[in-house]
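Below is one structure, written out as C-alpha cells; comments come after it.
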Amino acid sequence: MNSIIIIEDHPVMRKGLAAWFAGTGRWQVLGIVGDLTEARELFSELAALPDILLLDIQLSLHDGATEDAMGLDIIPWLRERFGKTPPIVVYTQFDDYAHANAALGFGVRGYVCKYRSEEELETALQAVLQGKVSIDKAVEPKLKNAAKTQTLLTRREAEILKHVREGQNNKRIAAALGISPRTVENLLSRIYYKTGIASRSDLQKI
C-alpha cells in the first residue's frame, strides 16, 4: 500500500479525494491539508516522507490570506528540510503551457487536470511511482508547441525574454539593451504573438 499526502485548498475536493483514495484499499492517506502553512506543519511532524505527494498548484498561504500562493513553493522548502522531495503529481484546474512548464521546472513528475477522473489520476500516480513522467494529454502538445515557437524568436526577442524572466520591467530592459521602452513594448508584443502567451507573469515562467 502506497502512502500519499494531499495538498488541496478546496475543502470539498480535498475531503472527496481523501475518501476516494482511502476507499480503494490501495492507498494510505497520511494527511490532507489546505494551505502552505498547514503543509509545513504536517511535514514537520512526519518521521518519513510519503511515497507520493498530490499537490494543487494554487494555494493560499494560510486561511484568510488575501493573496494566493503557488503550491509549488512547498517543493524548495521540502528540499531544504529533508534534502529531497517525494515524487510529486500536480492536480490542477490549469491546462496551459505556463503553469505546466513551471511545475516541471520545479521537478514535478506528474501533471493532471482536474477534469480527469479519480481513476485517471490514480493511473498517473502509479506511473510516477514507477519512475515515469506523466503529463496530461491536454497539456503535453502545448508544452511541445511552446518549445518549438521559442526557436522562432529573433536574437533581440530572445534577449527581451531573458530579461523578462529575470523580473525586469520595460524601462530597465530598455536601458540594459540600449533601446527605447517603446521598442521593448513592440518586441514583447511579437513575443506574445509567437509564444501564444497572454500575460507577462506567464511569460516569466517559460
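The values are calculated or read from the model by the stated rules, or taken from the named source; none is laboratory data. Just so it is clear, the structure is predicted and the values come from calculations on it, not from any experiment. Neighbour counts run over all protein chains shown; Cβ positions are idealised from the backbone, glycine included. Surface accessibility is based on the protein's heavy atoms, side chains included, excluding ligands, DNA and RNA. Shrake-Rupley method; radii C 1.70, N 1.55, O 1.52, S 1.80 Å.
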Discussion item. Could you go through the stretch 61-83 and let me know if any residue there is open to solvent by less than 10 Å² (accessible area, probe 1.4 Å), assigned to a loop (DSSP other than H, G, I, E, B) and of a type outside the set (D, E, K, R).
Written reply: no
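Does residue 125 qualify as being outside any loop (DSSP other than H, G, I, E, B) and touching a Gly at 6+ places or on another chain (Cβ under 8 Å)?
Details: outside any loop (DSSP other than H, G, I, E, B): yes; touching a Gly at 6+ places or on another chain (Cβ under 8 Å): yes.
Answer is yes for this residue.
Out of the stretch 97-131, which residues are among the charged types (D, E, K, R), touching a helix residue (DSSP H, G or I) at 6+ places or on another chain (Cβ under 9 Å) and more than 13 Å from residue 52 (Cα to Cα)? Walk me through it before giving the result.
Pass one, the stretch 97-131, residues among the charged types (D, E, K, R): 109, 114, 116, 118-120, 122.
When the remaining residues are screened for being touching a helix residue (DSSP H, G or I) at 6+ places or on another chain (Cβ under 9 Å), the result is 109, 114, 116, 118, 122.
Answer for the stretch 97-131, where residues must be among the charged types (D, E, K, R), touching a helix residue (DSSP H, G or I) at 6+ places or on another chain (Cβ under 9 Å) and more than 13 Å from residue 52 (Cα to Cα): 114, 116, 118.
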Discussion item. Looking at 180, 199, can you tell me which residue is modelled with pLDDT of 90 or more, out of contact with any Leu (no Cβ under 7 Å at 6 or more places or on another chain) and of a type in the set (Ser, Thr, Tyr)?
Written reply: 180
Practice prompt. Under 6 Å between Cβ atoms, at least 6 apart or on separate chains: pull out the pairs that start in the stretch 148-167 with a residue that is farther than 17 Å from residue 202 by Cα and end on any residue that is at pLDDT below 85.
Written response: 152/194
Fill in: Subset of the stretch 164-206 (residues that are touching a Ser or Thr at 6+ places or on another chain (Cβ under 7 Å) and of a type in the set (S, T, N, Q))
195
Practice prompt. Hey, can you tell me all the residues within the stretch 93-122 that are part of a helix (DSSP H, G or I) and touching a residue at least 12 places away in the same chain (Cβ under 8 Å)?
Written response: 97, 98, 99, 100, 101, 102, 103, 104, 105, 118, 121, 122
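One line per residue, one yes/no per condition, for (1) in a helix (DSSP H, G or I); (2) more than 24 Å from the chain's Cα centre (by Cα):
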site: 153; (1), (2): no, yes
site: 157; (1), (2): yes, yes
site: 163; (1), (2): yes, no
site: 172; (1), (2): yes, yes
site: 176; (1), (2): yes, yes
site: 184; (1), (2): yes, yes
site: 187; (1), (2): yes, yes
site: 191; (1), (2): yes, no
site: 202; (1), (2): yes, no
Worksheet item: Here are some residues: 129, 143. Which one is among the hydrophobic types (A, V, I, L, M, F, W, C) and without any contact (Cβ under 8 Å) to a residue 60 or more places away in the chain?
Response: 143
Fill in: Hits in the stretch 4-14 - residues which are surrounded by fewer than 18 Cβ atoms within 10 Å (Cβ to Cβ) and either among the hydroxyl-bearing types (Ser, Thr, Tyr) or modelled with pLDDT of 95 or more (or both)
none
